[in-house]
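Here is the structure we will look at, set down as C-alpha cells.
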Amino acid sequence: MSRHHHAHRARLLALSVAAAFAASPALAGEKELQAQIEDLARRLESLQRQMAEQKAAAAATPAAPVAASTGSGPGNFKLTLSGNIDAAVGHQGNVAGAAAASRGGTTKFFNGGMAPTNLAVTGSTELGEGLTALFKVDTEFLTSSGANMLPVSGQIAPSSYNGANGNSVLFNRAAYVGLGSRYGTVTLGRQQTVAVDAVVKVEPSNYTNFFMSSVYGAYNLGNAIYGQALLNTATGRYSAGVSGNLDSRDNAMIKYVSPSLGGARIVAGYSPGGVAGGDSQGTKAAVGASYDYGNFSIGGSYTEWNPMDVVTSRDVKYRLHNLGVGYRFGPLSVRAAMGHTALPAVTLKDSGNNNVAYSAADASVKGIGATYAVTPSVDVTAAYYVKRYDIASGNKPRVDTIGLAATWQLYKNTKLYALFDHASSRGDNGAAQTLGGNGSANAFAVGFSHAFSADMLR
C-alpha cells in the first residue's frame, strides 16, 4: 500500500468525523473540535509517512547473516585475539656473575613483572544440539627482545634450553582443541595442568610474578605449588632432558572440566606415555576439584607421573599433592596454599643423553598471602613462601621469599605497579642457585602492564 493511499484514508477519516459532529447542532464548540480533528488527521498522516519511509529503508539494506544477527545457532563462529604486554625496570641485588667468585647488584629490565607477556588466539564454533567446538593457541614472549619464551611459563633459564628436543616452542602456554557441552568440556593438547585449574584462584600471591630475587631467578614460586620448580636444581631433575616433568602445563593431555554444580567443579586429566610395550611408562594422570561458596573458596588436586628408570626399565611414581583455601572479608582477601611432591630414587637421562642417578627426596612449597583494595583502583598484595627439600643424602636446603606489590589500575585493563621481594637461602642446593649455599638478596622494580581482548570475527 502506497504512502499516498495511507494519507487519503487519513483525510477521509478526519472529514467523516468532522461531518458527523457538524450535523449535530446541540454540540458546543464545534469549530474548536473540528480544528482538533484536523490536527489529529495531520499527525496520523505524518505517522503513516514515517512508517512507509522506514519500510523502504529496511528493504534497501542488505540482509545480515543469521549467525551475526542472532549471535547463536549452528555454524556461528567466534575468533578472539587476546594477550598481555608487561615490562618493568628495577634493581636486583646479590647476583652471581659468570665467574664463581663474582657477585653484585645490577639494574635490569624485567620481563613480565606483574604477569607474563603473551599473545593468544581462541576460537569456537556452535555445532548445534548444545555442542561447541573450540581451540586455543597461546605463546609467551619476552618484552625486552620479542623472542618467544621457553617451554616453562615464567622460567628464565640458560639460553641453551630451548625445549625438550632442542627446538624453540612457539605455543608454549597453550595449544589445544576441544568440544564443549552442558555436561562439561573435553580438550586435547598442551594446556594448564589439573593442579593449576584446582588451586589458581587461591594462589597466595594472587598470581603476581614478583619473585625476582628468588634463588631460582625469575621463577614465580607460586607456580611451584602446582609442581613447577619443585624438580629444580636441588635434585637436578628439572632439566631439558627430562620431558613431562611437573610443569604448570602438560603436553599431550586429555582434560575434562565439569560445569559448575552449586559452586563445585571437577577436573581430570591424562597424558599417555606413548612407550612401546609399557602402557604406564611416561603417563601422567591427575584429578582435582574446587568449590566456591559466597566469599569462601577451596581447591586441591592429586597428580601422578610415571617416568621410566633408564637402568631398570621400570616406571617410577612422582606424586604431587596441592591444596589451597581463600576467603574475602570486604576489601581484604586472604589465601593459603601448599604443594608437595615425593621424588623416588631413579636414574634419568640428562640433556646430553647421559644417565644420571638421583637419590630419593621430598620437595614442598607453602605460601600465605593477602590482597587489600585501598581504593577501587589501588590495591596492595603481600605474600610469603617457604620452599624446602629433604634429600636422602642429608642435605636439607630451604628458601624463604617474601613479596610486596602495589597496583594502580589506570583502566580496567591497564596497570602501573611497583614490586619488592626478599629471598634468603639456607643449605647448599647446587652451584646453579643465585644466592649460593647461604645468602640473601633483594629486588625492586616498577612496571607497566596492559591486557587486551578483541573479537576478530563473530
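The values are calculated or read from the model by the stated rules, or taken from the named source; none is laboratory data. Note that the structure is predicted; figures quoted are calculated from it, not measured. When we count neighbours, we look across all protein chains shown, and the Cβ atoms used for this are built from the backbone with ideal geometry, even at glycine.
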* Asked: Are any of the residues in the range 437-455 surrounded by fewer than 21 Cβ atoms within 10 Å (Cβ to Cβ), farther than 26 Å from ASN84 by Cβ, at pLDDT below 90 and among the hydroxyl-bearing types (Ser, Thr, Tyr)?
  -> yes
* Asked: Could you list, in sequence order, the residues of the range 311-324 that are loosely packed, with under 15 Cβ neighbours inside 10 Å and more than 19 Å from MET253 (Cα to Cα)?
  -> VAL311, THR312, SER313, ARG314
* Across the range 56-87, what is the total count of residues that are more than 29 Å from MET456 (Cβ to Cβ) and at pLDDT 55 or above? -> 1
* To do: Scan the range 322-350 for residues that are part of a strand (DSSP E or B) and either within 16 Å of SER297 (Cα to Cα) or in contact with a Pro (Cβ under 6 Å, 6 or more places away or on another chain) (or both) and report the count.
  => 15
* Asked: Taking the range 329-376, which residues are more than 30 Å from VAL310 (Cβ to Cβ) and of a type in the set (S, T, N, Q)?
  -> SER333, THR371, THR375
